[in-house]
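The values are calculated or read from the model by the stated rules, or taken from the named source; none is laboratory data. Please read these numbers as outputs of a predicted model, since none were measured by experiment. FYI the Cβ positions are ideal-geometry reconstructions off the backbone, even for glycines, and counts take in every protein chain you see. In case anyone asks, the SASA skips ligands and DNA or RNA and just uses the protein heavy atoms, side chains included. Shrake-Rupley method; radii C 1.70, N 1.55, O 1.52, S 1.80 Å.
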Amino acid sequence: MNFDFSDDQKFLKSEARKFLEANSSTAQVRKVLDEDARSHDEALWKAVAAQGWLGAAIPEEYGGLGLGHLELCVIAEELGRAVAPIPFASTVYMLAEAIMLAGDEAQKAELLPKIAAGEVIGALATSEGPGPVSPGSIQATVTGGKLTGTKLPVTDGDVATLALVLAKENGQAGLYLVDLAAEGVAREALQTLDPTRDAAKLSFNGAAARRLGGAGEGFSLLEQVLDRAAVLLAFEQVGGADRCLEMAKAYALERYAFGRVIASYQAIKHKLADMYVKNELARSNAYYGAWALNTGAAELPVAASAARISGSEAYWFAAKENIQTHGGIGFTWEMDCHLFYRRSRQLALVAGAPRVWKERLVSQLERRNAA
């Protein structure tokens with residue numbers, strides 16, 4: 001079996017890296033971070049749309065490139081490496097995937113071309129406060145096609161134009177599409193650790209809502225969407241973790257202490273080796289997830305959970321150890337280390353914390369073993 005990407009996919013990866021190095025340098029990421037009024041890079045968003053990346057996995061009949069999920073995984077890895085300050089994950093991994101998975105023909109024909117063209121920015125609104133999302137935690141309701149309730153935090157909710165909202169109708173959970181520019185919607189920006197991927201509080205008071213999928217399918221559909229998103233987010237985490245290792249290695253080879261480069265000291269070697277091992281473990285699980293996602297394998301829930309857990313752990317560890325390798329200067333605003341640490345924390349929480357995914361993985365394995 002061939003566990004590597006094809007030559008065409010490797011070429012896409014190479015071109016994506018060149019594009020992002022030219023259009024999403026850390027200096028440009030800092031501009032978004034430093035300006036309170038900006039929560040994403042609008043120019044980069046338009047450029048990415050022009051590249052066709054937003055529609056990489058969207059079928060051609062709906063305005064996409066029709067490439068597939070493996071190509072989207074390649075792009076995700078490079079976006080993670082560049083800590084790209086755009087709402088790509090919320091729009092592509094979550095909103096677009098949900099519409100392709102459960103949308104009717106009219107919804108697909110209306111929304112997928114707009115997503116591919118960059119005209120729609122998505123947000124997934126499930127949480128209503130601290131703690132994991134569960135049937136008992138959902139208070140938002142839909143009555144007569146009107147949504148009432150509050151969601152927070154909602155990643156990219158401050159810039160999104162269309163939200164995918166988890167709510168109850170007649171006591172049954174469902175996922176609903178809500179136009180955030182319509183009447184009955186209010187939003188409030190929230191402070192986050194990573195302002196390049198802001199969050200908001202969304203309040204709904206009789207906002208028009210269209211159900212996605214069948215009645216009562218909300219949690220089942222949400223789990224399927226999160227499985228897909230988990231794999232793609234894992235590739236972003238692998239990309240970020242790899243960049244942290246490269247930064248730490250480069251600094252260790254040029255920084256001298258007591259007449260020697262610090263890379264020659266055993267303590268630094270151990271840090272870099274541990275980072276490498278965790279990164280490779282995350283990459284292996286991400287590749288497993290990519291295979292399951294691309295083939296529609298029954299193992300996807302297990303593969304997605306494993307990819308999510310190892311990706312979150314690897315990126316956090318690499319970001320933390322990158323700062324430690326840089327020493328005192330690594331904690332300063334002038335160094336780029338904190339950009340990756342911020343993003344590692346943001347990505348670890350955006351689709352459910354690792355603790356939730358560990359419980360989900362154990363449940364999946366128990367269910368499989370009992371079968």
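Restricting to region 160-196, name every residue that is part of a loop (DSSP other than H, G, I, E, B) and either surrounded by fewer than 21 Cβ atoms within 10 Å (Cβ to Cβ) or among the aromatic types (Phe, Trp, Tyr) (or both).
Passing the criteria: 161, 170, 171, 181, 182, 183, 184, 191, 192, 193.
Within region 41-60, residues that are in contact (Cβ under 8 Å) with a residue 24 or more places away in the chain have Cβ atoms under 8 Å from residues that are of a type in the set (S, T, N, Q) in these pairs: 41/24; 41/28; 44/23; 44/24; 44/28; 47/23; 54/91, counting only partners at least 6 apart in sequence or on another chain. Condition check for residue 237 on (1) touching a Gly at 6+ places or on another chain (Cβ under 6 Å); (2) surrounded by fewer than 24 Cβ atoms within 10 Å (Cβ to Cβ): one failure, at (2). Any residue at all in region 210-225 that is surrounded by fewer than 22 Cβ atoms within 10 Å (Cβ to Cβ) and among the β-branched types (Val, Ile, Thr)? Looking for residues that are surrounded by fewer than 22 Cβ atoms within 10 Å (Cβ to Cβ) and among the β-branched types (Val, Ile, Thr), one finds none in region 210-225, hence no. Annotation note: Cβ proximity below 7 Å between a residue of region 5-20 that is more than 19 Å from residue 47 (Cβ to Cβ) and a residue that is in a helix (DSSP H, G or I) and not charged (D, E, K, R) (sequence gap 6+ or interchain) occurs for 5/70; 5/74; 9/70; 9/74. The lone criterion from (1) free of Cβ contacts under 8 Å to residues at least 60 places away in the same chain; (2) in contact with a helix residue (DSSP H, G or I) (Cβ under 6 Å, 6 or more places away or on another chain) left unmet by residue 324 is number (2). Here residue 90 fulfils each of the conditions (1) part of a loop (DSSP other than H, G, I, E, B); (2) within 18 Å of residue 348 (Cβ to Cβ) apart from (1). Only a single criterion out of (1) touching a helix residue (DSSP H, G or I) at 6+ places or on another chain (Cβ under 8 Å); (2) open to solvent by 70 Å² or more (accessible area, probe 1.4 Å) is not satisfied by residue 86, namely (2).
Here is a check on your reading of the model: is residue 37 more than 17 Å from residue 82 (Cα to Cα), open to solvent by 20 Å² or more (accessible area, probe 1.4 Å), without any contact (Cβ under 8 Å) to a residue 12 or more places away in the chain and small (Gly, Ala, Ser)? When the stated conditions are applied, residue 37 passes them. Restricting 267, 319 to residues that are aliphatic (A, V, I, L, M) and open to solvent by less than 50 Å² (accessible area, probe 1.4 Å) narrows the list to 319. Considering region 76-116, and only residues there that are under 10 Å from the mean Cα position of the chain (by Cα) and among the polar types (S, T, N, Q), the residue that is farthest from residue 196 (Cα to Cα) turns out to be 91.
Look at region 85-98: where a residue is within 18 Å of residue 176 (Cα to Cα) and a partner is surrounded by fewer than 24 Cβ atoms within 10 Å (Cβ to Cβ) and of a type in the set (S, T, N, Q), sitting 6+ places away or on another chain with Cβ atoms under 9 Å, you get 97/224; 98/224. Here is the figure for region 89-116: residues that are under 22 Å from residue 147 (Cβ atoms) and open to solvent by 20 Å² or more (accessible area, probe 1.4 Å) total 7. If you go through region 117-148 and keep only what is over 18 Å from residue 215 (Cβ atoms), part of a strand (DSSP E or B) and open to solvent by less than 20 Å² (accessible area, probe 1.4 Å), you end up with 122, 123, 125. Annotation note: Cβ proximity below 6 Å between a residue of region 127-154 that is more than 19 Å from residue 190 (Cβ to Cβ) and in contact (Cβ under 8 Å) with a residue 40 or more places away in the chain and a residue that is open to solvent by 40 Å² or more (accessible area, probe 1.4 Å) and among the charged types (D, E, K, R) (sequence gap 6+ or interchain) occurs for 142/169. Criterion first (open to solvent by less than 10 Å² (accessible area, probe 1.4 Å) and touching a helix residue (DSSP H, G or I) at 6+ places or on another chain (Cβ under 6 Å)) does residue 348 satisfy it? Yes, satisfied. Close contacts from region 189-213, counting a first residue that is free of Cβ contacts under 8 Å to residues at least 12 places away in the same chain and a second that is buried (at least 22 other Cβ atoms within 10 Å of the Cβ), with Cβ to Cβ under 9 Å and a gap of 6+ residues or different chains, come to 191/198; 191/199. Selection of first residues in region 232-253 that are closer than 10 Å to residue 73 by Cα and of second residues that are open to solvent by 10 Å² or more (accessible area, probe 1.4 Å) and of a type in the set (Val, Ile, Thr), restricted to Cβ pairs under 8 Å at least 6 apart or on distinct chains, gives the following pairs, ordered by first then second residue: 233/350.
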